[in-house]
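See structure below.
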Amino acid sequence: MKTEIFKPSKKNIKLAASELAKGNLIAFPTETVYGLGANAFNKEAVEKIFIAKNRPQDNPLIVHIHKNYDLLQIVKNIPETAKNLIKHFTPSPLTIIMQSNNKVCPEVSCGLKTLAVRIPSHKVAQKLLKACNLPIAAPSANTSKHLSPTTAKAVKDDLNKKLEIILNGGKCKIGLESTVIDVTKKVPVILRLGAITKEMIKEKTGITVNIANQTNVKIPPSPGMKYKHYSPKCEVFISEENKEQQLNLMYDNLIKDGYNPVIVCLNSLLPLFKNKNKISLGKSEKEAANKLYDTLRMAENKYNYILLCPVKSTGIGKAVNNRISKMSSK
Ligand code: TXA
Ligand code: MG
């Protein structure tokens, strides 16, 4: 199979939609990261996703729909909380977990009774979803456990020859995966942190939500939480907050041991690491979210040890630090 990167013209979006209808895989841009899409009604198509990504069989997929798609075609009911969230936050990087009506094939949710649904805001994603008028199951379009792709090239680097078409929508604006919120519980729970924060939800809708414990969970509320994730191919060390100075010593020891290390941090920390290999994640937490995966993909190809500094845990910074904390096996 040849994987082609296409510009998202009307004709190519139509072509990608027809591939989806035929049961084939295509990748498309969203405002968070690129997704690897398949028709959620088609068991064989959904199974292709797990094979292409080498994804664990018990990690369920998010279904993507266009703005005007009738949600009741795929969920049992729409709880008031979900209605409120949809009213204020869609289309957007918010994924809502509801009860499935079992119309999409069970492989999407890996046998769970619930279904994760997202209405992405990216124009190309909306056009594609409208053109096929199907619920599209789409995980991030990377090899399982690797960094999520925020460019068409990153998709091709990971999944070349495993899908038909990559629609090129340029670089993803947000750069981190969507916030996942479960509204099937009495008190809604954020299972995965993202650009839509607990504070934003409270402010816009008045709804108070919990945030699931992101570490040390014996029975994870979301299967995806138990896996090592988002990892570069080389060794990674995560600095503790405010202990970045110690990286200088570690860096020197790595050089002595024959490594080729690099420090990745916000602009403000760069002066701490004079005469060392370093890459900036930009000036703000928002910029760091946008650059994180792309920067690390570049770093893993050039260096063999990444020393990574967390950012301030405010706003999207919380999600950035959450992804960073999952990158190291140490
Ligand atoms: O931004 C995003 O959400 C991107 C783009 C492509 O939309 N997609 C994405 O999908 O990040 P993926 O498969 O990489 O992550 C889906 C996450 C996993 O952690 C999975 O465990 C969780 O959502 N999830 C999906 N369905 C679930 C369900 N029914 N119950 C609990 N967690 C669920
Ligand atoms: Mg993923």
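The label point for Gln245 and the one for Lys67, both projected 7 Å from the Cα toward the Cβ, are 5.3 nm apart. Taken over region 19-92, lysine pairs spaced eight or more positions apart, or on distinct chains, with alpha carbons under 17 Å apart number 5.
Normalising the average separation of contacting C-alpha pairs (under 8 angstrom, six or more residues apart) by the number of residues puts the relative contact order of region 51-177 at 31 percent.
Evaluate E = 1/(1 + (r/R0)^6) for Lys130 and Glu44, where r is the Cβ-Cβ distance and R0 equals 30 Å; express this FRET efficiency to the nearest 0.05.
Details: r = 24 Å, r/R0 = 0.80.
Using R0 = 30 Å, I get an efficiency of 0.80.
Convex hull volume per residue, computed on the Cα atoms of region 57-202, equals 118 Å³. The H on the amide N of Cys110, modeled in the peptide plane, is under 5 Å from the matching H of Leu61, each at least 5 residues off or on a different chain. Amide H contacts for Val117 (H built 1.01 Å from N in the peptide plane; partners 5 or more residues away or on another chain; cut-off under 5 Å): Val63, Ile96, Ile97, Met98. Proximity of backbone amide H atoms, modeled 1.01 Å from N, is registered between Ala27 and Gly37, Ile165, Ile166, Leu167 at under 5 Å, excluding neighbours fewer than 5 places apart on the same chain. Our Cα-only numbers for the chain put the radius of gyration and Dmax at 19.8, 61 Å. On alpha-carbon atoms, Rg over Rh for region 231-330 using Kirkwood Rh? Using Cα coordinates only, the ratio equals 0.93. With kT/(6 pi eta Rh) evaluated at 4 °C and eta = 1.567 mPa s, and Rh the Kirkwood radius from Cα pairs, region 111-186 diffuses with a coefficient of 90 µm²/s according to Stokes-Einstein.
Can you tell me the relative contact order of the chain? Whole percent, Cα pairs under 8 Å, sequence separation 6 or more. 20 percent. Residue by residue, region 168-183 carries 3J(HN,Hα) couplings of 8, x, x, 7, 5, 5, 8, x, 10, 4, 4, 5, 10, 10, 9, 9 Hz when phi is fed to the Karplus relation 6.51 cos²θ - 1.76 cosθ + 1.60 (θ = phi - 60°); x denotes Gly or Pro. Note on the chain: GNM, Cα springs under 10 Å; of Gln214, Gln246, Gln73, the largest mean-square fluctuation is that of Gln246.
Bear in mind that the values in this text are calculations on the coordinates, not laboratory data. Note that this is a predicted model, so its numbers are computed, not measured. All Cβ positions, glycine included, derive from the backbone under ideal geometry; neighbour counts span all protein chains shown.
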